[in-house]
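Peer 1: Input: one structure, supplied below.
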Amino acid sequence: MNTTTKTVIAALGTAAGLTLAAQADENLWMYTKGTDTRPKGSWEVKLSDIARMDKKVGDYLFHDIRPEVEYGITDKLTVYGEVMFFNHKYSDIPLDENGDSPIDPIGADGDFSDVQYAGFELGMKYNVLSPYKDAIGLSFGLAYEHRDVYRLDGAAIDQDSIVPSIYLQKNWLDNQLTLAFTGKMEFERRHSPSDNSVHGVLEEEIAFDLGLGLAYRFAPKWTAGVEWRYQTDFVNPVIDGVPDGDSQPTDFSSFGDLTLGNQFQYGHYIGPSLHYAEEGWWVTGSVLWLVKSGGDASRNGAVADLGGAYDEHERLQVGVTIGFEF
């Protein structure tokens, strides 16, 4: 084999490797995402449905449905937009003599069923280091989200969020084994009406959503993985202009006066994922079980009554995402 042939073969191998590295940001897990961004000028359309079920009491099912479009501005910068549709169906939620419940249902007698347009999210992701060429992959993200419907029970709200994110990724075994971390810090400002009130309830919430995923490509087109997710929030509501309780309300109006408030709730999840990819499209299925949840039992009725933060979390989450690349 002459030098020219070797050079051509090496060049083709390098191009193939770069093509693999520049593939779409395929979801290998339910929540965790790697550092990949889309190639310049390319599109991807995604549709995800995460079904969340079982709050220990009553009969609860919630589908979080999100169509999304991504576009590669450059090889390092991807922008995206998604809309949200919430499908709540719950019944037989126990209420006390005051009509309250540990999971805050809005339906009469603890029953509710509806499909609602819930809001939208606009964001970007910028790649700094590539896991295919550098010791570790690193990307940063920033998103703006607006919601008109409360995720927990379908109630009407007015919520705006700013969400900075960090993505880390490490590959081994010629990119067959992937370890990824996603960290999100959500600054949420939520207003909702309350009974017999003038101004209603104002919540400035700081939430953390962390994901860690490990995946192995065990056959051509097939990847199996496992994911851990941790979600928590810190919030002290202000009701009709008065802080709820003795603690200082959460405040992020200025970084000099930044306060977290109390940890209202937290939840740990773990479970497997399975990913299949063809040229031009892919699909991922995941299951996560709640292994532990809790929070401030003095303020969170679910923690006090049910022994876990079932107002915010469910015992089981099943997600399916399909993506098409153009």
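Peer 1: State the number of residues belonging to region 105-142 that are open to solvent by 70 Å² or more (accessible area, probe 1.4 Å) and in a strand (DSSP E or B).
Peer 2: 7
Peer 1: A further question follows. Out of the residues in region 278-287 that are of a type outside the set (A, V, I, L, M) and open to solvent by 20 Å² or more (accessible area, probe 1.4 Å), state the one that is nearest to the chain's Cα centre (by Cα).
Peer 2: The initial filter retains those residues of region 278-287 that are of a type outside the set (A, V, I, L, M), namely 278-282, 284-286.
Right, trim to open to solvent by 20 Å² or more (accessible area, probe 1.4 Å) and you get 278-281, 285.
Numbers: GLU278: 25, GLU279: 26, GLY280: 24, TRP281: 22, GLY285: 15 Å.
Ranking the qualifying residues of region 278-287, first place goes to GLY285.
Peer 1: Inside region 288-315, can you point out the residues that are open to solvent by less than 40 Å² (accessible area, probe 1.4 Å) and assigned to a strand (DSSP E or B)?
Peer 2: Start the filter on region 288-315 by keeping residues that are open to solvent by less than 40 Å² (accessible area, probe 1.4 Å), which leaves 288, 290, 293-296, 300-303, 306, 308-314.
Scanning region 288-315 gives LEU288, LEU290, SER293, GLY294, GLY295.
Peer 1: Consider region 286-303. How many of its residues are at pLDDT 95 or above and in contact with a Phe, Trp or Tyr (Cβ under 9 Å, 6 or more places away or on another chain)? It would help to see each step written out before you state the result.
Peer 2: If we filter region 286-303 for residues that are at pLDDT 95 or above, which is where we start, we get 286-294.
Restricting the remaining residues to those that are in contact with a Phe, Trp or Tyr (Cβ under 9 Å, 6 or more places away or on another chain) gives 286, 288-294.
The qualifying residues number 8.
Peer 1: Got a number for residues in region 159-187 being under 18 Å from ASP134 (Cβ atoms), among the aromatic types (Phe, Trp, Tyr) and in contact with a strand residue (DSSP E or B) (Cβ under 7 Å, 6 or more places away or on another chain)?
Peer 2: Residues in region 159-187 being under 18 Å from ASP134 (Cβ atoms), among the aromatic types (Phe, Trp, Tyr) and in contact with a strand residue (DSSP E or B) (Cβ under 7 Å, 6 or more places away or on another chain): 2 in total.
Peer 1: Here's something else I'd like to know. Do the conditions hold for PRO94, that is, is it closer than 30 Å to VAL57 by Cα, in contact with a helix residue (DSSP H, G or I) (Cβ under 9 Å, 6 or more places away or on another chain) and in contact (Cβ under 8 Å) with a residue 40 or more places away in the chain?
Peer 2: Working: closer than 30 Å to VAL57 by Cα: yes; in contact with a helix residue (DSSP H, G or I) (Cβ under 9 Å, 6 or more places away or on another chain): yes; in contact (Cβ under 8 Å) with a residue 40 or more places away in the chain: no.
Spelling it out, it is not the case that PRO94 is closer than 30 Å to VAL57 by Cα, in contact with a helix residue (DSSP H, G or I) (Cβ under 9 Å, 6 or more places away or on another chain) and in contact (Cβ under 8 Å) with a residue 40 or more places away in the chain.
Peer 1: If you don't mind, another one. Suppose we filter region 316-326 for residues that are open to solvent by less than 30 Å² (accessible area, probe 1.4 Å) and under 22 Å from ASP59 (Cβ atoms); how many remain? Before you say what the answer is, go through the steps one by one.
Peer 2: First, pick out the residues of region 316-326 that are open to solvent by less than 30 Å² (accessible area, probe 1.4 Å): 317, 319, 321, 323.
Now narrow it down to the ones that are under 22 Å from ASP59 (Cβ atoms): 317, 319.
Residues in region 316-326 being open to solvent by less than 30 Å² (accessible area, probe 1.4 Å) and under 22 Å from ASP59 (Cβ atoms): 2 in total.
Peer 1: Quick check, is TYR132 in contact (Cβ under 8 Å) with a residue 40 or more places away in the chain, farther than 26 Å from LEU260 by Cα and touching a helix residue (DSSP H, G or I) at 6+ places or on another chain (Cβ under 8 Å)? Steps first, answer last, please.
Peer 2: Working: in contact (Cβ under 8 Å) with a residue 40 or more places away in the chain: yes; farther than 26 Å from LEU260 by Cα: yes; touching a helix residue (DSSP H, G or I) at 6+ places or on another chain (Cβ under 8 Å): yes.
Considered against the rule, which asks whether it is in contact (Cβ under 8 Å) with a residue 40 or more places away in the chain, farther than 26 Å from LEU260 by Cα and touching a helix residue (DSSP H, G or I) at 6+ places or on another chain (Cβ under 8 Å), TYR132 comes out as yes.
Peer 1: Anything in region 230-277 that is in contact with a strand residue (DSSP E or B) (Cβ under 6 Å, 6 or more places away or on another chain), modelled with pLDDT of 60 or more, part of a loop (DSSP other than H, G, I, E, B) and surrounded by fewer than 20 Cβ atoms within 10 Å (Cβ to Cβ)? List them, or say none.
Peer 2: Across region 230-277, the qualifying residues are PHE252, LEU260.
Peer 1: Test VAL201 against the criterion of being surrounded by 17 or more Cβ atoms within 10 Å (Cβ to Cβ), under 21 Å from VAL149 (Cβ atoms), touching a Ser or Thr at 6+ places or on another chain (Cβ under 7 Å) and modelled with pLDDT under 95, and give yes or no. Break it down into steps so the answer makes sense when it comes.
Peer 2: Details: surrounded by 17 or more Cβ atoms within 10 Å (Cβ to Cβ): no; under 21 Å from VAL149 (Cβ atoms): yes; touching a Ser or Thr at 6+ places or on another chain (Cβ under 7 Å): yes; modelled with pLDDT under 95: yes.
Against the criterion (surrounded by 17 or more Cβ atoms within 10 Å (Cβ to Cβ), under 21 Å from VAL149 (Cβ atoms), touching a Ser or Thr at 6+ places or on another chain (Cβ under 7 Å) and modelled with pLDDT under 95), VAL201 does not qualify.
Peer 1: A follow-up question, please. Regarding region 9-22, can at least one residue be identified that is modelled with pLDDT of 85 or more and of a type outside the set (Ser, Thr, Tyr)?
Peer 2: The first filter runs over region 9-22 and keeps only residues modelled with pLDDT of 85 or more, leaving none.
Looking through region 9-22, none of the residues is modelled with pLDDT of 85 or more and of a type outside the set (Ser, Thr, Tyr).
Peer 1: Within region 188-196, is even one residue assigned to a loop (DSSP other than H, G, I, E, B), buried (at least 16 other Cβ atoms within 10 Å of the Cβ) and at pLDDT below 95? It would help to see each step written out before you state the result.
Peer 2: Here is the first cut: in region 188-196, the ones assigned to a loop (DSSP other than H, G, I, E, B) are 193-196.
Checking the rest, the ones that are also buried (at least 16 other Cβ atoms within 10 Å of the Cβ) come to none.
Looking for residues that are assigned to a loop (DSSP other than H, G, I, E, B), buried (at least 16 other Cβ atoms within 10 Å of the Cβ) and at pLDDT below 95, one finds none in region 188-196, hence no.
Peer 1: So which residues in region 281-320 are acidic (Asp, Glu) and closer than 23 Å to SER48 by Cβ?
Peer 2: Filtering region 281-320 down to residues acidic (Asp, Glu) leaves 296, 305, 311-312, 314.
Result: GLU312, GLU314.
Peer 1: Identify the single condition in (1) at pLDDT below 95; (2) open to solvent by less than 60 Å² (accessible area, probe 1.4 Å); (3) in a strand (DSSP E or B) that PRO102 does not satisfy, given that it satisfies every other one.
Peer 2: Condition (3) is where PRO102 drops out.
The values are calculated or read from the model by the stated rules, or taken from the named source; none is laboratory data. The structure displayed is predicted, hence computed values, not measured ones. In this analysis, Cβ positions are derived from the backbone assuming ideal geometry, glycine residues included, and neighbour counts consider all displayed protein chains. All accessible areas refer to the heavy atoms of the entire protein, side chains included, with ligands and DNA or RNA removed. Shrake-Rupley method; radii C 1.70, N 1.55, O 1.52, S 1.80 Å.
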